[in-house]
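Derivation of every value follows stated rules applied to the coordinates shown; laboratory data play no part. Keep in mind that this is a model prediction, so the values were computed, not measured. A quick note on method: Cβ atoms are made from the backbone with ideal geometry, for glycine too, and the neighbour counts reach across all protein chains shown.
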């Protein structure tokens with residue numbers, strides 16, 4: 001089982017959007033997946049309310065008093081993979097999730113504030129997992145998100161993220177289809193009349209899977 005944690009110290013970078021679409025693409029590839037919504041706001045849970053997604057979503061908020069039970073439930077999940085959608089910030093939820101993650105996916109918008117926040121997330125994860133041998137057990141993937149390739153910031157974000165010395169996934173472009181799928185309770189990989197958004201999600205998923213010890217298709 002692989003555990004994919006979507007985290008960022010800054011809110012509004014599209015963690016839930018990427019987590020939902022990544023999990024649905026894994027499901028399309030016959031990789032059974034569970035998404036744990038660890039955010040008290042429950043956006044992923046709300047997204048899943050129409051029951052149209054191809055994977056289960058469990059709203060399990062991590063608190064200090066239930067942390068051992070929370071970790072046990074994640075590690076004992078019966079699906080092949082678990083995707084964890086965390087709240088913004090680098091607090092207790094992030095610390096626990098980062099400690100059990102196989103892959104930490106850090107969504108990042110094109111602004112300098114987003115990139116600085118991604119750097120803080122990397123720094124914290126390295127501190128938690130150690131800067132020496134243990135750090136190699138955690139794979140960190142930076143995911144450029146909501147990118148407008150028609151503007152200078154959109155063109156430069158990949159180069160800026162590479163300076164953080166972690167893997168940088170193919171950029172996910174800004175697309176209205178993500179808003180539409182949230183309203184419909186679906187994902188871009190299953191919606192009719194699919195456009196370029198599904199191409200971006202497939203490239204992102206392939207990039208993450210290619211560097212992990214899981215098959216790329218069923």
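How big is the chain on each of its three principal axes, counting only the C-alpha atoms and giving the largest first in Å?
So the three principal-axis extents are 44, 40, 32 Å.
Label 7 Å along Cα→Cβ of residue 116; region 160-180 residues with amide nitrogen under 17 Å?
160-161, 164
Could the peptides 81-94, 185-198, 55-68 be put in order, highest first, of the mean number of other beta-carbon atoms found within 10 Å of their residues?
The most tightly packed comes first, giving 81-94, 185-198, 55-68.
For region 170-201, list residues with backbone N below 12 Å from a point placed 7 Å from the Cα of residue 207 toward its Cβ?
Only 170-173, 200-201 fall inside the zone, counting backbone N under 12 Å.
Roughly speaking, what is the stretch gain from residue 76 to residue 92, that is 0.36 nm per residue apart minus the C-alpha to C-alpha distance, in nm to one decimal?
3.7 nm
Sorted by packing (mean other beta-carbon atoms within 10 Å per residue), highest first, where do 165-171, 33-39, 69-75 land?
Top of the packing list down: 33-39, 165-171, 69-75.
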